[in-house]
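One structure is given here, and the rest of the page talks about it.
The values are calculated or read from the model by the stated rules, or taken from the named source; none is laboratory data. Small disclaimer: the values here were computed from a predicted structure and weren't measured. Positions of Cβ are generated from backbone atoms using ideal geometry, with glycine treated the same way; all protein chains shown enter the neighbour counts. Ligands, DNA and RNA are excluded from the accessible area calculation, which covers all protein heavy atoms including side chains. Shrake-Rupley method; radii C 1.70, N 1.55, O 1.52, S 1.80 Å.
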Amino acid sequence: MRRCLIRVTGIVQGVGFRPFVYGLATDLRLAGHVGNDVNGVFIEVQGGAVDSFLMRLVSQAPPLAVIEDVDVTEQPPKPETEFRIVDSGGTGSGPVTSIPPDTAVCDDCLAEMRDPEDRRFGYPFIACTNCGPRYTMVTGLPYDRANTSMAAFPLCVDCAAEYTDPRSRRYHAQPTACAVCGPRLSMPVAEVVAALQAGRIVAIKGIGGYHLACDATNPAAVARLRERKQRGDKPFAVMVSDLATAAEVAVVDGCAPDLLHPASPIVVMPSRQSPAGVAPGTDTLAVMLAYTPLHHLLFDGGAPRVLVMTSGNLSDEPICIDAEEAQDRLAGIADVFCHHDRRIQVACDDSVIGLGPVRRSRGFVPRPLRLPVSVPPIVAVGGEIKATAAVATGDRVWLTQHIGDVENLQTLQMLERSVDILCDLQRVTPELIVSDTHPGYLSRAWAADVAAARGIDHVTVQHHHAHLASLLAEHRVPADVPVLGVVFDGTGYGTDGTIWGGELLLGSYDAVARVGHLAPIQLPGGDAAVKFPGRVALAHLHAAGIAWQGCVPFEEMPSIQSRLLASMLATGSHCTPTTSMGRLFDAVAAILGVRQAVDYEAQAAIELEAMAMVAPAWPVEVRCEDEIIIDPSGWLTLAVLATDPRRAAYAFHAAVADAVVLAARSARERNAVAMVGLTGGVFANRILSRLCREGLVAAGFEVLVHQLVPCNDGGLALGQVCIAGARD
Ligand code: ZN
Ligand code: ZN
Ligand code: FE
């Protein structure tokens, strides 16, 4: 007879792991017990079939479980014949188990919710051990009902019976409840449906915050929401009930697995029939499937088949999570409020998947990532735009949910709170705080304050180095393998105090060399020019020595403005040098007449990509001096002369890709490098990414692109952790 003590770590709590173990052990007639503590699940088993048990433990684990490690030690047998589930242990030490992410309602729960005979028929908060909220309702560890928002809802007799029955799908399912004992909506589902049908805007409390919903096929409703939310032209996401409906509005093709992922993210796909006004100027549509029981009840009850579902916030503010806050902040936007009384502990926006991850949030957070290097306890605060922070220790890192643009007090507070929660849950006491080097970022100032208050070190990391390190980290590239990073984005603070964003960096986590970049231009007004591609265009034309007369941005600009711009450029006053690739895309878009001012970040580039029609690449000028310089001036001349903007748009994309390949070849001639990483927000561009990848692969390079964290600034914190850890 053999007896083993087995420790399982990973995401093994709140996912039905203990009843699974119980079932398995009982099937195999093993004796012993299973329990859990903050470190994970511990099992003692004895009997004849221990080997078989160990094999099936990993291969047949429940769907939401993520097993990271199984540690087995032999023990002397005990006089025992039964298998039991024992109570959660107290507070252990060492690495802490992870809380599972929030998960879309499962098919079993949906079937029960639609079954008139079931006691949860029509119940909008049905959940089980395989589905429902998790991270957004946790208040502490271990992950037990008492440490969640559900503590406020004592189980009724029926629910308690399921909760304590290891054979039930609701055994220790922390979010489980029913209409008798559980959370309630503030209004009947039928009234929400009626309001949506009538074209009204409804604030609906969900898993990680409020949504603002309206009928996507009602242009007046969409326009009203756009105006009230001060949304400008920025595309809205839509929600549909199922894959078939998604396929009516978008080209789903290979995106079905993303749509059906338990995280139920927003997936950006080529649009088929974009409802009017939902995503103006783009050729894509952001779609998610219904993921809470309430969403399904709305569609079942006759809600419009395509709903706009956008975060319940004013632009630039975090998403609202409680009723008072929503009622107050969304007062001018929503006509109707549908609240519920399950408290949301931490705001969590919907995740977004485009070419790769665009926003890693609800459904993915707080799943840890494994680091390629071992780091001391670190907090990294990311950048400014689309910020996420990270908490790391050893070879684990937990990224926070999407926090937003840390440009005001509300988002800074959300950053602070999110970091605190993760540090608490994962029991990390930071010894080091990392931020971007940008002297103007609020997050940097906050990091400095916290470090000073706690008497720990604050280090800063260059923006584009962090982009590259995040890409290396997710591919677990070893620290001694140099990679050429093609880091293209809008804005990042360079080591020389200028604005970088078209960088070729060679190195790894500990250090990089800037081996090349886009030729710099003078940008009048610095970062403020982001909103005005027309001004950027004139600055680029000035740098290229091309006359402004006759080109679109000049003709459309009030002459007083262009005169001011000319004098700024002539004297260099209030001008910042920049190598930003994002700004070059803006400039070309403006010259081709796409737009002279934008409502949201990267709008001009997105619309430029959307209109591109296949054409041969423009010629490329890459100079190899001390550094490799990509000179765009020839492209600007061709943009001014272009007669067919759609073909010119493509020719420009193709030329940038050609330049990348040429630059990479030059870098290879000078230094031994076989791997190229594409990172930075510009690589959200599908055409550019595809062409760069194809060209680099054809040139014999191994190419890395993002699959786990965003290529935009949402990925910075991961890179910051690795760089600071490597330096330590
Ligand atoms: Zn379920
Ligand atoms: Zn109940
Ligand atoms: Fe960036």
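Around A387, which amide H atoms from residues at least 5 apart in sequence, or from another chain, sit under 5 Å from its own amide H, with H modelled in the peptide plane? Here I403, G404, D405, V406 satisfy the definition.
Using a/c under 1.5 as the rounded threshold, could you call the range 2-85 rounded, prolate or oblate? The axes a ≥ b ≥ c are square roots of the C-alpha gyration tensor eigenvalues, and prolate needs a/b larger than b/c, oblate otherwise. Numbers along the way, then the final one.
Values: a/c = 1.67, a/b = 1.51, b/c = 1.11.
Because a/c hits 1.5 or more and a/b exceeds b/c, the range 2-85 counts as prolate.
Close lysine pairs were tallied over the chain: pairs 8 or more places apart or on different chains with Cα atoms under 26 Å apart number 8.
Given in Å, the Rg to one decimal and the Dmax to the nearest whole number for the Cα atoms of the chain are 27.1, 94. Close amide H contacts of G492 (hydrogens built in the peptide plane, cut-off under 5 Å, sequence separation of 5 or more or a different chain): W500.
Working out 0.36 nm times the residue gap between V614 and D107, then minus their Cα-Cα distance, what length gain in nm do you get to one decimal? Before the final figure, lay out each step's value.
Working: separation 507, 0.36 × 507 = 182.52 nm, distance 4.32 nm.
Stretched out fully, the V614 to D107 stretch lengthens by 178.2 nm.
The 3J(HN,Hα) values that the Karplus relation (6.51, -1.76, 1.60; θ = phi - 60°) gives for the range 300-313 are, in residue order, 4, x, x, 5, x, 5, 10, 10, 5, 9, 10, 4, x, 7 Hz. Gly and Pro appear as x.
Summarising the label geometry, the points placed 7 Å from Cα in the beta-carbon direction at D527 and T164 lie 5.8 nm from one another.
Here the sum of -39500 (n - 2.57) over DSSP H runs of 4 or more residues, divided by the residues of the chain, equals -9500 deg cm²/dmol at 222 nm, to the nearest 500. In this label model, D496 and C624 are separated by 2.1 nm, measuring between points 7 Å along each Cα→Cβ vector.
If R₀ is 22 angstrom, what is the calculated FRET efficiency for the pair L260 and L54, using the beta carbon separation as r and rounding to 0.05?
Values: r = 31 Å, r/R0 = 1.42.
Result of the calculation: an efficiency of 0.10.
For the range 528-598, dividing the convex hull volume of the Cα atoms by the residue count gives 83 Å³ per residue.
Just report the Cα centroid separation between the range 102-173 and the range 228-299, whole Å. Centre-to-centre (Cα) distance: 27 Å. For the chain, carbon and sulfur atoms together expose 52% of the accessible surface, with a 1.4 angstrom probe and every protein chain in place.
For the range 2-85, the per residue solvent-accessible surface stands at 42 Å², with DNA, RNA and ligands left out and a 1.4 Å probe. Rounded to the nearest Hz, the phi-derived 3J(HN,Hα) couplings of the range 265-275 under the Karplus curve 6.51 cos²θ - 1.76 cosθ + 1.60 (θ = phi - 60°) are x, 6, 10, 8, 10, x, 7, 10, 9, 5, x, where x marks glycine and proline. Taking the centroid of alpha carbons for each part, the range 18-40 and the range 478-533 are 52 Å apart.
Quick check on the range 355-491: take the gyration tensor over C-alpha atoms, sort the square-rooted eigenvalues as a ≥ b ≥ c, and tell me if it's rounded (a/c under 1.5), prolate or oblate. Please report the intermediate quantities before stating the final value.
Values: a/c = 1.30, a/b = 1.19, b/c = 1.09.
Because its axes are fairly even, with a/c under 1.5, the range 355-491 counts as rounded.
With the cut-off at 1.5 for a/c, could you classify the range 189-359 from its C-alpha gyration tensor as rounded, prolate or oblate? All intermediate terms of the calculation are to be shown ahead of the outcome.
Numbers: a/c = 1.38, a/b = 1.31, b/c = 1.06.
It comes out rounded by the Cα gyration axes.
As an exercise, use a Förster radius of 56 Å and the Cβ-Cβ distance of L409 and Q75 to find the FRET efficiency, rounded to the nearest 0.05. List each step's numbers first, then the result.
Values: r = 55 Å, r/R0 = 0.99.
In this case the efficiency is close to 0.50.
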